[in-house]
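Novice: Dropping a structure here in structure tokens format, bear with me for questions.
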Amino acid sequence: MSTETDTDTDADAENEESTSNCGASGAESETSRSSSKCGGSSGSDDSSGSKCGASSSEDDSNEEEVGATVEDFDADPGQLVAVGLGPGQPEGMTERAKTALHEAEHIVGYTTYIELLPDEITEGADEIYDTPMCGEVSRTEEAIDRALAGNDVAIVGSGDPNVYALAGLALEILESKGATATMVDFEVVPGVPAAQSCGARLGAPLVNDTVSISLSDHLVPMPEIESRLHAAAKEGFTITIYNPWSRKRRENFEKACEILLTHRDEDTPVGIVHGAGREDEEVVITELGDLEEFGEREIVDMTTTIVVGTEDTYVWDDRMVRPRGYETKYDY
């Protein structure tokens, strides 16, 4: 999958909403996608223009300053777990991830990721809270506030919570609220990152030194991304590219192709995996000289991960192979 990350394709924002007090007091709420009074921001519609480099139907209105602090909560804190869903399909989730989600009273996440969850998990939760694209800060704070209000909460993301995702942000916001990770028994449940899911579909392109780079300039300025690409390509690493394309960021993809071609030959093998592990999965192996033209095709979008080979990478039997170096020490 995506990869990734917490920057995926357009999300539905036309959700039925009900008001929640996060379980701190009052009657229990029915399972729902809900607005919150817990100090976090509720999901808003996605009709406004986006500033996060994604398509115009994605929402950026949720990015607000952190509100409530630990002193605003009277209940004994619950648990907060950051859960990686892996590539997306239920069989791609670890047993630990499934268990953590079954145990959670509240589940918080980006709309697209929530929709990937099996019905048995969503139907078993007391509440589901989701926001569209670019609601990273608001939904992470929402998850923390619900935990501080006494609920056991899971915040979900595709891939792994430590790879272009929200585990670090959760710890930062906890600190800013005057809380601690120990207070909410914070735990990270790892998942299979997009690079590994996509590498598995391509053969064996990642068996040596690898660098992952996101083309999303929502948080990192493009000049810094360009510098990282130059360095990785020059040093000879296999490069996995997350978030390669959106309608508002096509120039980033074009620039990345230009940079890669200054350091690598046109016939360098490149693997393109769209929607790894999902119903719309598509896999293509091409050459670096032809990569830019794929930016005009549906296969390259925010759910795509691109694997750029090295001078040693070759294609055999429709699979990318990156030698590990055993051939220099052993006869086989």
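Novice: Evaluate the following for residue 150: is it in contact with a Phe, Trp or Tyr (Cβ under 7 Å, 6 or more places away or on another chain) and open to solvent by 10 Å² or more (accessible area, probe 1.4 Å)?
Specialist: no
Novice: Do we have any residue at all in the stretch 320-330 that's modelled with pLDDT of 95 or more, under 18 Å from residue 195 (Cα atoms) and not in a loop (DSSP other than H, G, I, E, B)?
Specialist: yes
Novice: For the condition within 29 Å of residue 110 (Cα to Cα), modelled with pLDDT of 95 or more and of a type in the set (Phe, Trp, Tyr), what is the one hit in 237, 253?
Specialist: 253
Novice: Further question on the same structure: If you take the residues in the stretch 212-234 that are in contact (Cβ under 8 Å) with a residue 24 or more places away in the chain and open to solvent by 40 Å² or more (accessible area, probe 1.4 Å), which one is farthest from residue 84 (Cα to Cα)?
Specialist: Here the residue is 234.
Novice: Follow-up question, since we're still on this one. Based on this model, can you work out whether residue 160 counts as in contact (Cβ under 8 Å) with a residue 40 or more places away in the chain and under 23 Å from residue 105 (Cα atoms)?
Specialist: Spelling it out, residue 160 is indeed in contact (Cβ under 8 Å) with a residue 40 or more places away in the chain and under 23 Å from residue 105 (Cα atoms).
Novice: Across the stretch 126-137, what is the number of residues that are within 18 Å of residue 176 (Cβ to Cβ) and either buried (at least 24 other Cβ atoms within 10 Å of the Cβ) or not assigned by the TED database to the domain that holds residue 187 (or both)?
Specialist: 1
Novice: Please report, ordered by residue number, the helices (runs of 4 or more DSSP H) entirely within the stretch 69-148 with at least 2 residues that are within 18 Å of residue 187 (Cβ to Cβ) and of a type outside the set (Gly, Ala, Ser).
Specialist: So the answer is 95-103, 136-148.
Novice: Which one of these is of a type in the set (S, T, N, Q) and modelled with pLDDT of 95 or more: 111, 99, 131?
Specialist: Answer to the check: 99.
Novice: Further, regarding this structure: Let me confirm something: among 180, 140, which residue is open to solvent by 10 Å² or more (accessible area, probe 1.4 Å) and at pLDDT 95 or above?
Specialist: None of the other options fit; the residue is 180.
Novice: Also, I was wondering about something else. Return yes or no: is residue 238 at negative phi, buried (at least 23 other Cβ atoms within 10 Å of the Cβ) and assigned by the TED database to the domain that holds residue 314?
Specialist: yes
Per-residue answers, yes or no, for (1) open to solvent by less than 40 Å² (accessible area, probe 1.4 Å); (2) assigned by the TED database to the domain that holds residue 118; (3) of a type outside the set (Phe, Trp, Tyr):
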site: 272; (1), (2), (3): yes, no, yes
site: 275; (1), (2), (3): yes, no, yes
site: 287; (1), (2), (3): no, no, yes
site: 294; (1), (2), (3): yes, no, no
site: 302; (1), (2), (3): yes, no, yes
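Novice: Could I ask something else about it? With the structure loaded, tell me whether residue 205 is in contact (Cβ under 8 Å) with a residue 12 or more places away in the chain, surrounded by 23 or more Cβ atoms within 10 Å (Cβ to Cβ) and over 24 Å from residue 296 (Cα atoms) or whether it fails that test.
Specialist: Yes; evaluated as a whole, the condition is true for this residue.
Novice: Please go through the stretch 307-319 and pick out each residue that is open to solvent by 100 Å² or more (accessible area, probe 1.4 Å) and assigned to a strand (DSSP E or B).
Specialist: 314, 316, 319
Novice: Consider only pairs whose beta carbons are under 9 Å apart and that are at least six residues apart or on different chains; among these, list those whose first residue lies in the stretch 63-88 and is within 12 Å of residue 177 (Cβ to Cβ) and whose second residue is at pLDDT below 90 and of a type in the set (S, T, N, Q).
Specialist: Hits for this filter: 67/41.
Novice: Looking at 123, 115 in this structure, which one is surrounded by fewer than 18 Cβ atoms within 10 Å (Cβ to Cβ) and either within 27 Å of residue 282 (Cα to Cα) or aliphatic (A, V, I, L, M) (or both)?
Specialist: Sole residue among the options that is surrounded by fewer than 18 Cβ atoms within 10 Å (Cβ to Cβ) and either within 27 Å of residue 282 (Cα to Cα) or aliphatic (A, V, I, L, M) (or both): 115.
The values are calculated or read from the model by the stated rules, or taken from the named source; none is laboratory data. Note that the structure is predicted; figures quoted are calculated from it, not measured. Here Cβ is always computed from backbone atoms with ideal geometry, including for glycine, and neighbour counts include all displayed protein chains. Quick note on the areas: whole protein, heavy atoms, side chains included, nothing else; ligands and nucleic acids left out. Shrake-Rupley method; radii C 1.70, N 1.55, O 1.52, S 1.80 Å.
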